[in-house]
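To start, the structure under review is shown below, and the notes come after it.
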Amino acid sequence: MPLLPSRSSRIADEGFRLLVLACGLSLLVIVGLTVYELMQNSQLSIHQFGWRFFTGTNWDPVAGEFGALPFIYGTVVSSLVALVIAVPLSLGVAVFETEMCPKPLRGPISFLTELLAAIPSVVYGLWAIFVLAPILRTQVEPFLAKYFGWTGLFGGPAFGVGMLAAGVILAVMIVPIITSITREVLVAVPQHQREAALALGATRWEMIRTAVLRNARAGIVGAVILGLGRALGETMAVTMVIGNRPEIAKSLFAPGYTMASVIANEFSEATGDLYLSALVHLALGLFLVTIVVNALARLLVWTVTRGTPARAHAQ
């Protein structure tokens, strides 16, 4: 005969339920308050410029003219450069860890990957100024200008700092995120699919390509989008190496500006209600883009991992 819970146990259970419910609802309240404050404080800019705010190219606080397109361009381009560098590297590390790495090395590599994710962004920024920028200025950018200058992406003077430096440092920062999530997605692929591919005569590479990567592609895309979300919102390290000039230039050697960087640089110096409202308007746009990107990533990761426990128990 089952024992009935005592009155004190029921009270404790109810109290615990209310406590965790409050913890869960607190996140909704924080997000709601953040959106409300951003909407409230950007009303002046929204009424003044409307959608023209996101298509204008002139950012002149003295004249009261604010256009966010150079910052949107800098955010998108630096993030895309980061993805071009980080995605192949992250995918290679994740595949090596899950499919080919000797067991004694698996732990240290996982630890170093997680360690990279824990380094503060200002440390990355200092490393970029004193190590990365000189290497780009003296070695990488002259090479790119010589052999790929005809593309127009690698023209002009090589400063070391600029859009390319921002993209490279962002790549270093998002590699741990993409690698960690990709590794978990690859581990979730059922083992019998690997064994079936090998039993049919597939080589190791063919097994990884057809049985592992193909089944995990939605989750890998989700990992990439999460990395993109981090790149879009990164502030300090990018601010230290991107050059901070609001212009739209085709060359990756040219200085640029991102949405997060301009907010960090100018918010403390902003004078006037319209200037402050324009910066909050910029933050609202960045916030909404980040939410959409993260929601999309969660959806993609869920599509590849939702059936794993059931399949594991069925084996």
Subset of the range 65-80 [crowded, with 20+ Cβ neighbours inside 10 Å, more than 21 Å from S45 (Cα to Cα) and either β-branched (V, I, T) or touching a Lys or Arg at 6+ places or on another chain (Cβ under 8 Å) (or both)]: V77
- request: Scan the range 136-158 residue by residue and report those that are in contact with a helix residue (DSSP H, G or I) (Cβ under 6 Å, 6 or more places away or on another chain) and either of a type outside the set (A, V, I, L, M, F, W, C) or surrounded by fewer than 16 Cβ atoms within 10 Å (Cβ to Cβ) (or both).
  value: G155
message: Considering only residues that are modelled with pLDDT of 90 or more and aliphatic (A, V, I, L, M), which ones fall in the range 81-102?
response: V81, A82, L83, V84, I85, A86, V87, L89, L91, V93, A94, V95
- request: Mind checking which helices (runs of 4 or more DSSP H) fall wholly inside the range 67-148 and carry at least 1 residues that are in contact (Cβ under 8 Å) with a residue 60 or more places away in the chain and closer than 30 Å to Q48 by Cβ?
  value: 69-95
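Being out of contact with any Leu (no Cβ under 7 Å at 6 or more places or on another chain), assigned to a helix (DSSP H, G or I) and of a type in the set (A, V, I, L, M, F, W, C) is the requirement here; does L25 meet it?
Values: out of contact with any Leu (no Cβ under 7 Å at 6 or more places or on another chain): yes; assigned to a helix (DSSP H, G or I): yes; of a type in the set (A, V, I, L, M, F, W, C): yes.
Considered against the rule, which asks whether it is out of contact with any Leu (no Cβ under 7 Å at 6 or more places or on another chain), assigned to a helix (DSSP H, G or I) and of a type in the set (A, V, I, L, M, F, W, C), L25 comes out as yes.
For every residue, the table says whether it meets (1) at pLDDT below 90; (2) of a type in the set (D, E, K, R); (3) open to solvent by 50 Å² or more (accessible area, probe 1.4 Å).
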position: R204; (1), (2), (3): yes, yes, yes
position: R214; (1), (2), (3): yes, yes, yes
position: A223; (1), (2), (3): yes, no, no
position: G227; (1), (2), (3): yes, no, no
position: V238; (1), (2), (3): no, no, no
position: V241; (1), (2), (3): no, no, no
position: E247; (1), (2), (3): yes, yes, yes
message: Which condition from (1) within 23 Å of A216 (Cα to Cα); (2) surrounded by 11 or more Cβ atoms within 10 Å (Cβ to Cβ); (3) within 20 Å of the chain's Cα centre (by Cα); (4) not charged (D, E, K, R) is the one that F96 breaks?
response: (3)
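Does the range 249-285 hold any residues that are of a type in the set (S, T, Y), under 22 Å from L170 (Cα atoms) and open to solvent by less than 10 Å² (accessible area, probe 1.4 Å), and which are they?
To start, the set of residues in the range 249-285 that are of a type in the set (S, T, Y) comprises 251, 257-258, 261, 268, 271, 275, 277.
Next, only the ones that are under 22 Å from L170 (Cα atoms) stay: 251, 257-258, 261.
Correct list: T258, S261.
So which residues in the range 35-50 are assigned to a helix (DSSP H, G or I), open to solvent by less than 70 Å² (accessible area, probe 1.4 Å) and at pLDDT 90 or above, if there are any at all? Walk me through it before giving the result.
Looking only at the range 35-50, we keep the residues that are assigned to a helix (DSSP H, G or I), and these are 35-41, 43-49.
Those left that are additionally open to solvent by less than 70 Å² (accessible area, probe 1.4 Å): 35, 38, 43, 45-46, 49.
Passing the criteria: L38, Q43, S45, I46.
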query: Is it the case that some residue within the range 17-34 is among the β-branched types (V, I, T), on the phi < 0 side of the Ramachandran plot and surrounded by 12 or more Cβ atoms within 10 Å (Cβ to Cβ)?
result: yes
query: In the range 159-187, what residues are part of a loop (DSSP other than H, G, I, E, B) and open to solvent by 40 Å² or more (accessible area, probe 1.4 Å)?
result: F159, V161
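Would a scan of the range 173-181 turn up a residue that is within 18 Å of L296 (Cβ to Cβ) and over 13 Å from the mean Cα position of the chain (by Cα)? Break it down stepwise before answering.
Quick first cut of the range 173-181, residues within 18 Å of L296 (Cβ to Cβ) only: 174, 177-178, 181.
This time we only want the ones that are over 13 Å from the mean Cα position of the chain (by Cα), so: none.
Looking through the range 173-181, none of the residues is within 18 Å of L296 (Cβ to Cβ) and over 13 Å from the mean Cα position of the chain (by Cα).
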- request: Write out, first by first residue and then by second, each pair whose Cβ atoms fall under 6 Å of each other, whose residues are 6+ apart or on separate chains, and whose first residue, in the range 231-255, is closer than 24 Å to F143 by Cβ while the second is modelled with pLDDT of 90 or more and acidic (D, E).
  value: F253/E141
Where F53 falls short, out of the listed (1) in contact (Cβ under 8 Å) with a residue 12 or more places away in the chain; (2) open to solvent by 70 Å² or more (accessible area, probe 1.4 Å); (3) part of a helix (DSSP H, G or I): (2)
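The values are calculated or read from the model by the stated rules, or taken from the named source; none is laboratory data. Because the structure is predicted, anything quoted here is derived from the model rather than measured. Ideal geometry is used to build each Cβ from the backbone, glycine not excepted, and the neighbour counts take in all protein chains shown. Side chains included, ligands, DNA and RNA excluded: accessible areas come from the protein's heavy atoms. Shrake-Rupley method; radii C 1.70, N 1.55, O 1.52, S 1.80 Å.
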